[in-house]
1. Starting from residues that are under 14 Å from residue 80 (Cα atoms) and aliphatic (A, V, I, L, M), keep the ones in the stretch 14-48 and report whichever is surrounded by the most Cβ atoms within 10 Å (Cβ to Cβ).
2. Do we have any residue at all in the stretch 10-17 that's at pLDDT 95 or above, out of contact with any Pro (no Cβ under 9 Å at 6 or more places or on another chain) and of a type in the set (Asp, Glu)?
3. Among the residues of the stretch 56-102, what is the count of those that are of a type in the set (Lys, Arg), assigned to a helix (DSSP H, G or I) and at pLDDT below 95?
4. Residue 29 - would you say it is modelled with pLDDT of 95 or more, within 21 Å of the chain's Cα centre (by Cα), farther than 27 Å from residue 91 by Cα and of a type in the set (A, V, I, L, M)?
5. Any residue that is of a type in the set (Asp, Glu) and surrounded by 15 or more Cβ atoms within 10 Å (Cβ to Cβ) - is there at least one of those in the stretch 49-71?
6. Take the conditions loosely packed, with under 12 Cβ neighbours inside 10 Å and of a type in the set (A, V, I, L, M, F, W, C) and apply them to residue 6. Does it pass?
7. Within the stretch 43-75, track down each residue that is hydroxyl-bearing (Ser, Thr, Tyr) and in contact with a helix residue (DSSP H, G or I) (Cβ under 8 Å, 6 or more places away or on another chain).
8. Let me spell it out: the conditions are (1) without any contact (Cβ under 8 Å) to a residue 24 or more places away in the chain; (2) part of a strand (DSSP E or B); (3) acidic (Asp, Glu), and residue 41 meets all of them except one. Which number is the exception?
Amino acid sequence: MNQAQLMAQVKKMQAEMTKAQEELASTIVTGTAAGGTVTVEITCDQRVKSVKIGKDVVDPEDVETLEDLIVVAVNDALAKAGEASQKRMSSVTGGMRIPGFM
């Protein structure tokens, strides 16, 4: 492969990565806790879109449990976003690990 072909391939990959990043920014995943009574929606570029809390888990005498449920739901959503991002970017890079993109 000559240098011109290599540069063309690099530019194509960059365009595909940009497109994938844009798709991930608009892809929403949902994390849950306590059987879905706490849900957190985030984009795959890790921006929180919404937090929903069922009335039955709101206890003014036990705020700590609610805080824990929110943490569980956020971490669940982040894990799902990470998996989706890795899968999408891997399809662009052919499985190559490129620092800063995975």
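1. Among residues in the stretch 14-48 that are under 14 Å from residue 80 (Cα atoms) and aliphatic (A, V, I, L, M), the one surrounded by the most Cβ atoms within 10 Å (Cβ to Cβ) is 40.
2. no
3. 2
4. Considered against the rule, which asks whether it is modelled with pLDDT of 95 or more, within 21 Å of the chain's Cα centre (by Cα), farther than 27 Å from residue 91 by Cα and of a type in the set (A, V, I, L, M), residue 29 comes out as no.
5. Within the stretch 49-71, none of the residues are of a type in the set (Asp, Glu) and surrounded by 15 or more Cβ atoms within 10 Å (Cβ to Cβ).
6. Judged against the criteria, residue 6 is a match.
7. 43, 65
8. The failed condition is (1).
The values are calculated or read from the model by the stated rules, or taken from the named source; none is laboratory data. In this text, all values refer to a predicted model and were calculated from it rather than measured experimentally. Every residue, glycine as well, gets a Cβ built from its backbone with ideal geometry; the counts of neighbours run over all protein chains shown.
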